[in-house]
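Asker: Sharing a structure, written as C-alpha cells. Questions coming.
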Amino acid sequence: MVNRAHFVILVLAYRLLVPLSAEPDQTRESYVVYMGGGGVEEEAARAMHMEMLTSVAPAGGEQGRAAAALTQSYHHAFEGFAAELTEAEAAALSGHERVVSVFRDRALELHTTRSWDFLDVQSGLRSDRLGHRASGDVIIGIVDTGEQRVARDTGLRRVWPESASFSDAGMGPVPARWRGVCMEGPDFKKSSCNKKLIGARYYGSQPGSSASSSAAAAAVTATGGSPRDAVGHGTHTASTAAGAVVPGAGYYGLARGAAKGGAPASRVAVYKACSLGGCASSAVLKAIDDAVGDGVDVVSISIGMSSAFQSDFLADPIALGAFHAHQRGVLVVCSGGNDGPNPYTVVNSAPWILTVAASSIDRSFHSTIVLGNGTLVKGIAINFSNQSITGGQYPLVFGPQVAGRYTPVSEARRSPHLSLTPYHALCSNCYPGSLDAQKAAGKIVVCVGTDPMVSRRVKKLVAEGAGASGLVLIDDAEKAVPFVAGGFPFSQVATDAGAQILEYINSTRNPTAVILPTEDAKDDKPAPVVASFSARGPGGLTEAILKPDLMAPGVSILAATIPTADKEDVPAGKNPSPFAIKSGTSMACPHVAGAAAFVKSAHPGWSPSMIRSALMTTATTRNNLGQAVASSTGAAATAHDMGAGEISPLRALSPGLVFDTTTRDYLNFLCYYGYKEQLVRKLAGAAFACPHGAPSPDLIAAGVNYPSISVPRLLAGRTATVSRVAMNVGPPNATYAAAVEAPPGLAVKVSPERLVFSSRWTTAAYQVSFAIASGGGAAAAGASKGYVHGAVTWSDGAHSVRTPFAVNVI
C-alpha cells in the first residue's frame, strides 16, 4: 500500500530530476489512443492504426517508424492502440476525427479460508442447501501479476508441486465458448494450463519507456516474459476468487483450515499486465480487451490509480475497458484503493464498475508482550519468535535510549513519556540509521509510528539491522492489520497499550520483556469492521454515484502464493509456504468477483448490473454482535465507508428485485456529466443522442437506474427527486412495501409506497424525494450540514431489498 503523501513527493522529485533541456517534440513516451466503441478484425485494426501513425510520423521511413512505435492494438470490445509518440505526435492524433481521447500511458498501482466461511455464517443461510445451484461454466478473468503453477527451490533442488488451489480434479471439459490461449514463457508451458486454469496471457509494454517497442519487448522477455507470477499478488487474488478447496491449508501453522475461493467450480484465466513495479495503462487496457474477446464472464482487477492523480473517465484505462466489457455482458469488479480512511479517496468509481471496499473478518493474530513485572500486553502481528523457547527476558528500551551518535534532528519531537533531548527524539520513529548497533544489540526496542513515511517493514529492518532482539511498535494506524515479520520478534500495540509499556520502562532501572510468537484467534468480535486503509467516498470525479458499492473481507486473507515470494518472511528452518496472508482492497476485490461468478452460475441470463444489484441489495450492515457495522475509527460505518454493506453471496442468489442499469443509463450519465454528444456517440459505437437537459450534474442521480442513491446537493426549501425502476426476479404475484431509514432532519418520501408485480421479469417504477425537514419538532432540530445517510428497503415478507442513500445537506 502506497501512502498518498509519499506518492506525491516521489512524483515531484521525479519531475525535478527530468532534464529541463529535453525537447518535448523529441522525447518519446508511451501514449494510449482511444477510438471508442466497436470492434474490427485484428489485421484490419492493426493496418488502420499503422496508417494513423504514419500520418503523424516524420517524413522518411514512415512505415517502419510506425511499426516500431505501435505497442498494442485494441480491437475486440473497442478500438484504439498504444504507441511510442512525441508530444507533438500525440497532439496531432488527438485531433483525428476517429479519436476520442489520447492520454499518457501511466503506471497503475497494485492495491495490496476463513473469509468465505465467515460470509456464509453472516448470511444466516445454509450453504449446503443453496450451493448446489452453482455450475462450472463461469469464467473469471484476473488482470494482475500473472499466475504461478510450478516453482523451484534451487537450494533444495526440488520441484514444488502444482498449486492445489488450481487443481482441476473433478472438473468437466472447458466451456466450448472459450476462445482464449495459454501463452508460453520461462517456467510456464501450455501444459501449465488445465481445466481450472484455462488461459494465460502476458503483456510487455511499460509506461514511460523511451525505447522502441521491440527493444522493450525484448527486455521484458529477458526478465521473465511469461504469464508466470513473480510477485505472488496475482496468484493470491486468483485463488481467492475461484481457488479449489484445499484442506489443511495454513501459514506456518497459523490460520489452519480449508482454503477455497468464492466460486471454486469456476474457471480462471489470467492476464499478466503487472509486475512488482506497477501496471502499464496500455497493458491493462489490452488485458481487458483480450479478456472480453476470450469469453470471460467476470473480470477482477485489483489495480487502480492513486487517489491523488485520478483521471477523467475518458482517460482512465480501467474505466474505458470496463465500459466496453459491460456492453458485451462482462461484469468488471475493481478494488476501491488503499488510501483510506480519508474521504474522497475511492478510485475505480465509474458507475459501470463494481467498486469494492475492504473489511475485517472474525479472525485476528495476537502477539503478546510479557513485561518483566508480569503484565501481559496484547499486540497484533504475525511473527514466529523463538523468545518463549529460549526462556529468560530481554532488556527493553525506548528507541531514543539507543540512539546513534549522529542521528538527524530536523524533524525531532519530544516524547511525552520519556525525558528526551531533540537530539534523540527522532529515534522514537526508528528512522534508518537512527539506532546505535552497540547499544541496541540484544535488546527489544520500542518505537512509535508518528511518521507514515517510515513503513513498518522499514522499522523492522532498522531494528533487525541494529542487532535488536525484537521490536515493539506503538502505532494506531493499521493496528488491526497484522504485519508479517517472519522469524523476527515483532508486535504492534495501540497508543494506550504503548503508554503502559513506556510507563513500565520509566518505572524500573532494568526493564525487560519477551515477545511471544503469534497465535490466531477465531470468532473475533465485532466483525466485520471497515479496514482503516480502505478508501472512502464520496467519489472524487462525481458525487452523484454512491461509491464504494460493496464491502468484502480484505484483512489477513489466507490464499495461495508463489513459494519463492517474501523469502525474508520464512521462519528459520522452514520451507516457503504455498499460502500467504495478505491485506488490502486487492484481497477484497476477488471476494466480490468470486461471489459474482457464484451468482452468475445460478443465473446465467442475468446482466452484469443485475448481478451487481443482487449483491448490493442483499448486503448486510450488521456485525456478528447484531450491531451496526463500525468503521475503523469506532463510529458507525456509512455508505461512504462500506457502500451497501458486506456481501452475502448466498442471499444474493435470491434478491427478489434487481435494478438493471443499462448501457443507455451509462451513456446518459456521461452526457449529464458534461461530455459532448459527439464523444459519447463514439464511445457507444452506434447512433446515440444525449437526453434533454444535459449536461447537468444534478440530473445524474435522478437519471441513472443505480441500486443506491447519492444526492450531492440538497438546498433548504428545495426537493431532490430520483427515479428508480425495479425488476421482479422472484415469484409472481408479489407485492413489496417500502420502509425508510431516514436520519434526523431529513424528510424522505417514497411514491408509490407499494410495488405490485403480476409476474416474473416485470418492472415497476417509483420515486424517492428528499427535503430538509421544515417546521418544529425533533426532525428539524436534528438537521445538520454535510452528508447524512439512510436507506429505502422494499420487502414482500420473504425478501428485503435495501438501497442505501447519501444526501449532502448544503
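Asker: So if R0 is 35 Å, what FRET efficiency would Lys195 and Ala258 give, r being the distance between their Cβ atoms, rounded to the nearest 0.05?
Answerer: 0.95
Asker: Do any trypsin sites (Lys or Arg not before Pro) in segment 501-582 lie in a loop, going by DSSP, with at most 13 other beta-carbon atoms within 10 Å of their beta carbon, and if so which?
Answerer: Arg509, Lys574
Asker: Now a separate question. With charges only on Cβ, +1 for K and R and -1 for D and E, what is the dipole size of segment 705-809 about its Cα centre, in debye, rounded to 20?
Answerer: 220
Asker: Can you flag which of Lys189/Lys582; Lys378/Lys522; Lys459/Lys479 are past 18 Å Cα-Cα?
Answerer: Lys189/Lys582
Asker: Next question. Amide H of Cys182: which non-local residues (sequence gap of 5 or more, or other chain) have their own amide H closer than 5 Å, using H built in the peptide plane?
Answerer: Under 5 Å from the amide H of Cys182: Ala200.
Asker: Using mean Cβ contacts within 10 Å as the protection proxy, how do 716-726, 795-805 order, highest first?
Answerer: Result, highest mean Cβ count within 10 Å first: 795-805, 716-726.
Asker: Sticking with this one: Let me check I've understood the local charge: for Gln767, count other residues with C-beta under 10 angstrom from its C-beta, Lys and Arg +1, Asp and Glu -1. What total comes out?
Answerer: Once all neighbours under 10 Å are counted, the net charge is +2.
Asker: What part of the accessible area of segment 238-380, given as a whole %, is carbon or sulfur when the probe is 1.4 angstrom?
Answerer: Answer for segment 238-380: carbon and sulfur cover 53 percent of the accessible area.
Asker: Same structure again: Using θ = phi - 60° and the Karplus curve 6.51 cos²θ - 1.76 cosθ + 1.60, what whole-Hz ³J(HN,Hα) does each residue of segment 450-466 get, with Gly and Pro shown as x?
Answerer: 7, 10, x, 5, 10, 6, 5, 5, 5, 4, 5, 5, 4, 5, 5, x, 7
Asker: How much of the DSSP bridge set in segment 705-809 is antiparallel, in percent, rounded to the nearest 5?
Answerer: Bridges in segment 705-809 that DSSP calls antiparallel: roughly 90 percent.
Asker: Moving on to the next point. Can you send over the carbon and sulfur percentage of the accessible area for segment 29-104, probe radius 1.4 Å, protein chains only?
Answerer: Roughly 50 percent of what the probe reaches on segment 29-104 is carbon or sulfur.
Asker: Over segment 580-725, what is the relative contact order in whole percent, taking alpha-carbon pairs under 8 Å and six or more residues apart?
Answerer: 20
Asker: Let me ask something additional. Taking amide H positions as placed 1.01 Å from N in the peptide plane, with prolines and chain starts having none, which residues 5 or more places from Tyr675, or on another chain, fall under 5 Å of its amide H?
Answerer: Close amide H contacts, sequence-distant or interchain: none at all.
Asker: Moving on to the next point. With Cβ to Cβ distances under 14 Å as the rule, what net charge do the other residues near Pro175 carry (K, R +1; D, E -1)?
Answerer: Here the count lands on +2.
Asker: So, in Å, what gap is there between the alpha-carbon centers of segment 474-544 and segment 571-616?
Answerer: 26
Asker: Additional query: Give the accessible surface of segment 656-739 per residue, rounded to a whole number of Å², with probe radius 1.4 Å and ligands, DNA and RNA excluded.
Answerer: About 41 Å² of surface per residue is accessible.
Asker: Here's another thing I want to ask about it. How much area per residue is accessible in segment 29-104 when the probe is 1.4 Å and only protein heavy atoms are counted (Å²)?
Answerer: 39
Asker: Using a 1.4 angstrom probe on heavy atoms only, work out the carbon and sulfur share of the accessible area of segment 705-809 in %.
Answerer: 53
Asker: Taking amide hydrogens as modeled 1.01 Å from N in the peptide plane, which residues meet the under 5 Å criterion relative to Ala636, leaving out close sequence neighbours?
Answerer: Under 5 Å from the amide H of Ala636 lie the amide H atoms of Ser631, each far enough along the sequence or on another chain.
Asker: Separate question: Residue farthest toward the positive end of the dipole of segment 681-810, with Cβ of Lys/Arg at +1 and Asp/Glu at -1: which of Ala684, Thr721, Pro743?
Answerer: Result: Ala684.
The values are calculated or read from the model by the stated rules, or taken from the named source; none is laboratory data. What you see is a predicted model; the values in this text were computed from it and never measured. Using ideal geometry, Cβ is built from the backbone for each residue, glycine included, and neighbour counts are taken over all protein chains shown. Surface areas here come from the heavy atoms of the whole protein model, side chains and all, with no ligands, DNA or RNA. Shrake-Rupley method; radii C 1.70, N 1.55, O 1.52, S 1.80 Å.
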